[in-house]
Each structure stands twice: as C-alpha cells, then as structure tokens.
Amino acid sequence: MQIKPFITLVGAGPGDPGLITLKGVKAIREADVILYDALVNEELLSYAKPSCTLIYVGKRAERISTSQDYINKLLVDYALTHGHVVRLKGGDPFIFGRGGEEIDYAREFNIPTAVVPGISSSAGLTGLQQIPLTYRGISESFWVITGSTSDGRLSDDLKSAVHTSATVVILMGYAKLAQIVDFYQQHGKGQLPIALIQNGSLPNERIALGRIDNILEEAKRNLIGVPAVIVLGEVVAKHREFEDLKNGIHSLTV
C-alpha cells in the first residue's frame, strides 16, 4: 500500500476538551500519528484509533522542552513513513503556536497540509470569564501580544499598545508580570483594570482581578502561576466580580 503523506495542524482549544471543533475531532480520528503539546488536554487522544502512534512533544516556557526544529523534522519524517500526521496544538495553531513555521517546513518537502483552527486562549478564556474584548464606547479593538520575544525582551508592540484604549491580551507573559506592571505604571496606567487567568477552562482554573497598582498582591493572594493569560483594559471591569473587588470583597468564583 502506497503511503500518502499529509499533515494537519489542529487547534485543540484552551484546555476544556469540549472546546475543540468537530472537524478537529474528525482529524484526530483519521490520524496515523499525533504529535501533541503540553497544553493539549489528553482526553482528546481518546478519539484516536487504536493503531495511531501518539507522540508527546510538549513545550513549556522556561522549562526543558522539545525544540521546534526537532518537531518540524518529526512531522515530515512521520508523514513520509506513516501517512496522515496530526499536529495537535493548544489554542489555535496560528496564534503564537508556530503553526506557520511548521507549514513552511512541510512545504519544503511538497507534503500536502491542512489547518483546523482552534479557539485561542486570548479570546476563549476571556469569553468564558465574560470579559468582552471589545465593548461599544470602551474598547474598539484588541491586541494579542507575546509576553516576551525570542531574546527575552518585552515585545515592542507593548510599547505601542500602552498608548491606546485597546484591550491587550498577553500570552506566555506571566513570568514577566512584574516588568509589565512597572511598564504600565511608568506610563501612568496604575489604575487600569487587569485580569490574570491561570489554567483557564479547566477544573483547577484560578483568576485574579485588580488594577495595575495592586495586581502583584492579588496574584500572590490567589496563588496564580504558569500558565496564565494577562488581560489589560477597561473591559476587565465588566467581569462579574470586579464590582465586589472595588468594594473590598475578595470572593472570586470560577
């Protein structure tokens, strides 16, 4: 039987296995090999056929992890030797998921590819918390920014975003929260509402709400850690618990 190589990038969503698309589940069921990330809910692997080869290629910030070059090579090697390879990625493959790099590499070998979009944590987790990224009269746009560049610096885009009224969602940036807070304070944004969402959509989800000036204390009090999404903007005050926070009541429900 002739092997027909094919690679599908599938977005698994922000964590809750119910937030993957039907098309994503279909791809998992048809896969001969699945390369899956650390942020993928392993319940999704139960959809795979018994003969499917499952390979963990988890990547975590500031931890030993599988290199992107090695993942690219695995994708092509398994496609050529096994057939249909699904690259199962947390969130959406094309939003800080390096999906574009993987597609580019596969194209060098003339391997057909497809993409199944996923719900990005930038929009999915804020939606689950009922924080609108845009709101008439408050925010006309939203920015999704990486927490740090490949050389460890804060993104230059943050320097532009701080001067707008846009909602800013920072992914993979919790380790730099103190720097981000200092940066916003330097620009007179100490009272800007901010939310931190850890393990969003999962049973062990934690959230901290506050303003730039007190969010470090709120993060500590709520035991926030990695992985966490940072949301900055006046729309954060639309969270159902934010009014209680203003009144000094500390009782977040998640």
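The values are calculated or read from the model by the stated rules, or taken from the named source; none is laboratory data. Everything quoted here is computed from the prediction, not taken from an experiment. Here Cβ is always computed from backbone atoms with ideal geometry, including for glycine, and neighbour counts include all displayed protein chains. For the accessible areas, the whole protein counts, side chains as well, though only heavy atoms, and no ligand, DNA or RNA atoms are used. Shrake-Rupley method; radii C 1.70, N 1.55, O 1.52, S 1.80 Å.
Pop out the carbon and sulfur fraction of the accessible area of segment 121-251 as a percent, whole number, probe 1.4 Å.
Carbon with sulfur: 49 percent of the solvent-accessible area.
Label points 7 Å out from Cα along the Cβ direction at residue 244 and residue 216: separation in nm?
Placing both labels 7 Å along Cα→Cβ, they lie 2.7 nm apart.
About its Cα centre, how strong a charge dipole does segment 6-116 have in debye, to the nearest 20, once Lys and Arg get +1 and Asp and Glu get -1 at the Cβ?
Values: 12 positive and 14 negative charges, 29 e Å.
For this selection, approximately 140 debye.
For segment 45-54, what does the Karplus curve 6.51 cos²θ - 1.76 cosθ + 1.60, with θ = phi - 60°, yield as ³J(HN,Hα) per residue in whole Hz, taken in order and with x for Gly and Pro?
5, 5, 6, 5, 6, x, 7, 5, 8, 9
So, with +1 on the Cβ of K and R and -1 on the Cβ of D and E, and no other charges, what is the size of the charge dipole of segment 121-251 about its Cα centre, to the nearest 20 debye? Intermediate results must be reported in sequence, preceding the final value.
Working: 12 positive and 13 negative charges, 15 e Å.
Its charge dipole is roughly 80 debye.
How big is the charge dipole of the chain about its Cα centre, in debye rounded to the nearest 20, if each Lys and Arg gets +1 on its Cβ and each Asp and Glu gets -1 on its Cβ?
Working: 25 positive and 27 negative charges, 46 e Å.
It works out to roughly 220 debye.
Determine the share of segment 6-116's accessible area contributed by carbon and sulfur atoms, expressed in whole percent, with a 1.4 angstrom probe. The partial results should precede the final answer.
Details: 2850 of 5480 Å².
Here carbon and sulfur together make up 52 percent of the probe-accessible area.
Near residue 176, which aspartates and glutamates are there with a Cα under 12 Å away, not counting those fewer than 8 places off in the same chain?
Partners found: 62.
Compute the signed sum of charges (Lys and Arg +1, Asp and Glu -1) over the other residues within less than 10 Å, Cβ to Cβ, of residue 165. Walk me through the numbers on the way to the answer.
Numbers: positive: none; negative: 140, 234.
Combined, the nearby Lys, Arg, Asp and Glu give -2.
Suppose all protein chains stay in the model; what accessible area per residue would a 1.4 Å probe give for the chain, in Å²?
In whole numbers, the chain has 50 Å² accessible per residue.
Can you give me the Rg/Rh ratio for segment 121-251, using Cα atoms for both radii and the Kirkwood formula for Rh? Don't skip to the answer; put the middle values down first.
Working: Rg = 13.4 Å, Rh = 14.5 Å.
That ratio is 0.92, to two decimals.
Take the Cβ-Cβ distance between residue 81 and residue 151 as r, set R0 to 51 Å, and report the resulting FRET efficiency rounded to the nearest 0.05. Can you show the working numbers first?
Numbers: r = 36 Å, r/R0 = 0.70.
Step by step, r from the Cβ atoms, then E = 0.90.
Gain in length, residue 114 to residue 234, computed as 0.36 nm per residue apart minus the alpha-carbon separation, to one decimal in nm? Mind dumping the intermediate values first?
On the way: separation 120, 0.36 × 120 = 43.20 nm, distance 3.76 nm.
Full extension of this stretch gives 39.4 nm more.
Using the charge dipole of the chain (Lys, Arg: +1 at Cβ; Asp, Glu: -1 at Cβ; taken about the Cα centre), state which of 97, 123, 85 has its Cα farthest towards the positive end.
The residue sitting farthest along the positive end of the dipole is 85.
Between residue 4 and residue 69, what is the spin-label point distance in nm, taking each point 7 Å from the Cα along the Cα→C-beta axis?
In this crude spin-label approximation the distance works out to 3.4 nm.
Find the relative contact order for segment 19-156 and round it to a whole percent, using C-alpha pairs within less than 8 Å whose residues are 6+ positions apart.
Relative contact order for segment 19-156 comes out at 21 percent.
Below 8 Å, C-alpha to C-alpha, sequence gap of six or more: please give me the relative contact order for the chain in percent.
Values: 501 pairs, mean separation 47.3, N = 254.
Across the chain, relative contact order equals 19 percent.
So for each of 48-58, 157-167, 29-39 I average, over its residues, the number of other beta carbons within 10 Å; can you give me the resulting order with the highest mean first?
29-39, 157-167, 48-58
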